[in-house]
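Chemist: Mind having a look at this structure? Questions to follow.
The values are calculated or read from the model by the stated rules, or taken from the named source; none is laboratory data. Only a predicted model underlies this, so the values are computations on that prediction, with no experimental measurement involved. Quick reminder, even Gly has a Cβ in these numbers, built from the backbone with ideal geometry, and neighbours come from all protein chains shown.
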């Protein structure tokens, strides 16, 4: 979780009904995950008939988990989920994470941090009627010290996926996209398990059984 002044991302969210409470520095929370998500999600899925019946069990579990965490917080104004469309579009989560100081956007468009590299998930944005703490000093960008081995791999992967004006589902060629993420030399100790990686790219139900 990363707290910040919600007004710093106002320009990015002007088309998403982003109405701030009357505060000097309204508080927002960026909810994220790392490898620790997997050993919590899988047992929850196996124990829940509702999750097993859901069209996307991970998204359903994230929403139920976040709702339970925020239920006692009366200052909560709104929750925006990365997997939901608002006004026909998804929130620009990678840009939000960069502007609010949580991560850097790599040449391959992945969010990257010095501690975990690209092994993170941007899940939700929470707006609260409370004051944000004083801003922290910006962290050194991990990409500023990197030769960007991800760049050429990303371009190759993107070229292989383009069809007309859009980009196809990455699942059929997920290992090509994984190679882009794996090329990052930062945060390799935070890499997801093989099962978690494959599920995030393919959403195969058999991995959860």
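Chemist: Would you point out the residue of segment 1-32, among those that are free of Cβ contacts under 8 Å to residues at least 60 places away in the same chain and under 20 Å from residue 137 (Cβ atoms), that is surrounded by the most Cβ atoms within 10 Å (Cβ to Cβ)?
Modeler: Checking each candidate, the answer is 7.
Chemist: Let me ask another. Which one is modelled with the lowest pLDDT among residues in segment 159-209 that are assigned to a helix (DSSP H, G or I) and touching a strand residue (DSSP E or B) at 6+ places or on another chain (Cβ under 7 Å)? Give the derivation first.
Modeler: To start, the set of residues in segment 159-209 that are assigned to a helix (DSSP H, G or I) comprises 159-161, 171-182, 188-190, 194-202, 205-208.
Those left that are additionally touching a strand residue (DSSP E or B) at 6+ places or on another chain (Cβ under 7 Å): 161, 188, 190.
Numbers: 161: 72, 188: 96, 190: 98.
Checked segment 159-209; the qualifying residue modelled with the lowest pLDDT is 161.
Chemist: Among the residues of segment 18-49, what is the count of those that are under 20 Å from the mean Cα position of the chain (by Cα), part of a loop (DSSP other than H, G, I, E, B) and more than 29 Å from residue 197 (Cα to Cα)?
Modeler: Number satisfying all stated conditions: 1.
Chemist: When segment 75-90 is examined, which residues are found to be assigned to a loop (DSSP other than H, G, I, E, B) and at negative phi?
Modeler: Listed by number, the residues that qualify are 75, 82, 83, 84.
Chemist: Scan segment 91-112 and tell me whether some residue there is on the phi > 0 side of the Ramachandran plot and touching a strand residue (DSSP E or B) at 6+ places or on another chain (Cβ under 9 Å). So that I can check it myself, show each step before the final result.
Modeler: Here is the first cut: in segment 91-112, the ones on the phi > 0 side of the Ramachandran plot are 101, 109.
Checking the rest, the ones that are also touching a strand residue (DSSP E or B) at 6+ places or on another chain (Cβ under 9 Å) come to 101.
Yes, segment 91-112 has at least one match.
Chemist: Taking the residues in segment 137-147 that are surrounded by fewer than 16 Cβ atoms within 10 Å (Cβ to Cβ) and more than 21 Å from the chain's Cα centre (by Cα) as candidates, determine which candidate is modelled with the lowest pLDDT.
Modeler: Looking only at segment 137-147, we keep the residues that are surrounded by fewer than 16 Cβ atoms within 10 Å (Cβ to Cβ), and these are 137-140, 144-145, 147.
Remaining after also requiring more than 21 Å from the chain's Cα centre (by Cα): 137, 144-145, 147.
On the way: 137: 70, 144: 86, 145: 82, 147: 93.
Among residues in segment 137-147 that are surrounded by fewer than 16 Cβ atoms within 10 Å (Cβ to Cβ) and more than 21 Å from the chain's Cα centre (by Cα), the one modelled with the lowest pLDDT is 137.
Chemist: Filter segment 52-74 for residues that are part of a helix (DSSP H, G or I), in contact with a helix residue (DSSP H, G or I) (Cβ under 7 Å, 6 or more places away or on another chain) and farther than 20 Å from residue 197 by Cβ and give the result.
Modeler: Residues of segment 52-74 part of a helix (DSSP H, G or I): 52-53, 57-70.
In the following step, the residues that additionally are in contact with a helix residue (DSSP H, G or I) (Cβ under 7 Å, 6 or more places away or on another chain) were identified as 52, 57-58, 60-61.
Answer for segment 52-74, where residues must be part of a helix (DSSP H, G or I), in contact with a helix residue (DSSP H, G or I) (Cβ under 7 Å, 6 or more places away or on another chain) and farther than 20 Å from residue 197 by Cβ: 52, 60.
Chemist: So, one more: Hey, can you tell me all the residues within segment 105-116 that are closer than 25 Å to residue 25 by Cβ and touching a residue at least 40 places away in the same chain (Cβ under 8 Å)?
Modeler: Selection gives 113 alone.
Chemist: State whether the residues of segment 98-107 include one that is out of contact with any helix residue (DSSP H, G or I) (no Cβ under 9 Å at 6 or more places or on another chain) and either surrounded by fewer than 17 Cβ atoms within 10 Å (Cβ to Cβ) or under 22 Å from residue 134 (Cβ atoms) (or both).
Modeler: Taking segment 98-107 and keeping what is out of contact with any helix residue (DSSP H, G or I) (no Cβ under 9 Å at 6 or more places or on another chain), we get 98.
Filter again for either surrounded by fewer than 17 Cβ atoms within 10 Å (Cβ to Cβ) or under 22 Å from residue 134 (Cβ atoms) (or both), leaving 98.
Yes: one or more hits.
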